[in-house]
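Taking it in order: structure first as structure tokens, then the write-up.
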Amino acid sequence: MRMSLAPRRAVAALAAVLLAGGMAACGNSDTGTDEGGSGDGKIVMGFSQVGAESGWRTANTNSIKEAAAEAGIELKFDDAQQKQENQIKAIRNYIQQKVDVIAFSPVVESGWDTVLKEAKDAGIPVILTDRAVDSADKSLYKTFLGSDFVKEGRLSGEWLVEQMKSATGDVNIVELQGTTGSAPANDRKKGFGEAIAADPKLKVIASQSGDFTRAGGKQVMEQFLKAHPKIDVLFAHNDDMGLGALEAITAAGKEPGKDIIIITIDAVKDGMQALADGKFNFIAECSPLLGPQLMELAKKVHAGEEVPPRIETEETTFTQEQAKEALPNRKY
Ligand code: GYE
């Protein structure tokens, strides 16, 4: 639509559409309505997404949008482009719009108390999905739906310990961390570190953030390869960074999956393909399909029902053989 040609009424209508579409965080926060809810009896959910940084995130967004439509929940959706300030802005907009439920996946763990308190004071229940916050006051949100990231890191480390049982000499590991300060980066690092402590020859010689993106993974892996002539293992906190790193490894004349053992987390389709092709060696699954459970929880908290404070996603792990088997039925 060409704004310059539109009469004033049409501009106002467009603004209303943009607001309803969840873009309120980018512009004027005045919604022009004080009623709250959707007006047609539907539950209205304001959802603040981290961004679109990875295959996991895209699958997660699709799951949430599809599940909302199926559950008859009106979804206001905002993409924060991996910036906490954008998430806080979006949440404040949802409070002003008097949505029924706020859900969000916090990009980092810290710094949420003030805005969560504002939601609580406004009487709007908050559901955390995917990532946790470190708020001491657990009454600031109703529940946290998501994976056990420490466990994902631990399973990755345990697999490596087993693989390297009979290896002699130091095993040099480089680690591509997720977004600095995010729950999955903190927890996966912790779980992996604890597991590999079982074998002193397993050594993390470099660890840096690639921000959960392919570009970040590639760039940091290039630096690792330049700085460290002997790298035996790459542990990447998600598939996308591992996929980016593949390019750097190949460009350096090394064979991924053979010269460098690669362990990642997520198990999105492209990651599973790399595993089935022998370029990755092991993936700990992290499921992005949180939409249906989130909508169910939204209905419950809206109805004032009690919900468990923590709901853990069920997941598994994949070797190369298992990836070959699972790939044809992989949905995302
Ligand atoms: O592993 C990564 C994404 O928070 C579990 O975020 C999520 C992580 C996921 O960017 O790919």
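The values are calculated or read from the model by the stated rules, or taken from the named source; none is laboratory data. As the structure is a computational prediction, the values presented were derived from the model and not from experiment. Cβ coordinates were reconstructed from backbone atoms using ideal geometry, including for glycine residues, and neighbour counts include every protein chain displayed. With ligands, DNA and RNA removed, areas are computed over all heavy atoms of the protein, side chains included. Shrake-Rupley method; radii C 1.70, N 1.55, O 1.52, S 1.80 Å.
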- Task: Specify the residue that is nearest to LEU234 (Cα to Cα); the eligible residues are those in the stretch 163-180 that are within 15 Å of the chain's Cα centre (by Cα) and open to solvent by less than 30 Å² (accessible area, probe 1.4 Å).
- Result: GLY178
- Query: Conditions: (1) surrounded by fewer than 20 Cβ atoms within 10 Å (Cβ to Cβ); (2) more than 16 Å from the ligand (Cβ to nearest atom). GLU109 meets all but one. Number of the miss?
  - Reply: (2)
- Message: So for the stretch 118-133 (the condition being touching a Pro at 6+ places or on another chain (Cβ under 6 Å) and either away from the ligand (no atom under 12 Å from the Cβ) or among the basic types (Lys, Arg) (or both)), does at least one residue qualify?
- Response: yes
- Note on the structure: Filtering the stretch 134-143 down to residues that are open to solvent by less than 20 Å² (accessible area, probe 1.4 Å) and under 18 Å from ALA298 (Cβ atoms) yields LEU140, THR143
- Might you let me know whether the stretch 291-299 holds any residue that is more than 21 Å from ASP148 (Cα to Cα) and open to solvent by 20 Å² or more (accessible area, probe 1.4 Å)? yes
- Reported set for the stretch 307-327 where residues are small (Gly, Ala, Ser) and in contact with a helix residue (DSSP H, G or I) (Cβ under 6 Å, 6 or more places away or on another chain) is ALA323
- Considering only residues of the stretch 240-285 that are on the phi > 0 side of the Ramachandran plot and in a loop (DSSP other than H, G, I, E, B), which is farthest from the ligand (Cβ to nearest atom)? GLY253
- Item | Any chance GLU175 is more than 16 Å from the ligand (Cβ to nearest atom), within 24 Å of ASP130 (Cβ to Cβ) and not assigned by TED's automatic domain parsing to the domain that holds LYS300 | no
- Query: Does the stretch 252-298 hold any residues that are under 22 Å from ARG188 (Cα atoms) and of a type in the set (D, E, K, R), and which are they?
  - Reply: ASP266, LYS269, ASP270, LYS279, GLU285
- Task: Out of the residues in the stretch 204-239 that are open to solvent by less than 30 Å² (accessible area, probe 1.4 Å) and in contact (Cβ under 8 Å) with a residue 60 or more places away in the chain, state the one that is farthest from the ligand (Cβ to nearest atom).
- Result: VAL233
- When the stretch 93-145 is checked residue by residue, the ones that are touching a residue at least 12 places away in the same chain (Cβ under 8 Å), on the phi > 0 side of the Ramachandran plot and among the small types (Gly, Ala, Ser) are GLY111
- Item | In the stretch 41-50, residue farthest from the ligand (Cβ to nearest atom) [restricted to those that are buried (at least 21 other Cβ atoms within 10 Å of the Cβ) and of a type in the set (Gly, Ala, Ser)] | GLY46
- Query: Just wondering, is there one or more residues in the stretch 188-203 that are open to solvent by 70 Å² or more (accessible area, probe 1.4 Å), of a type in the set (D, E, K, R), away from the ligand (no atom under 16 Å from the Cβ) and closer than 30 Å to GLY253 by Cβ?
  - Reply: yes
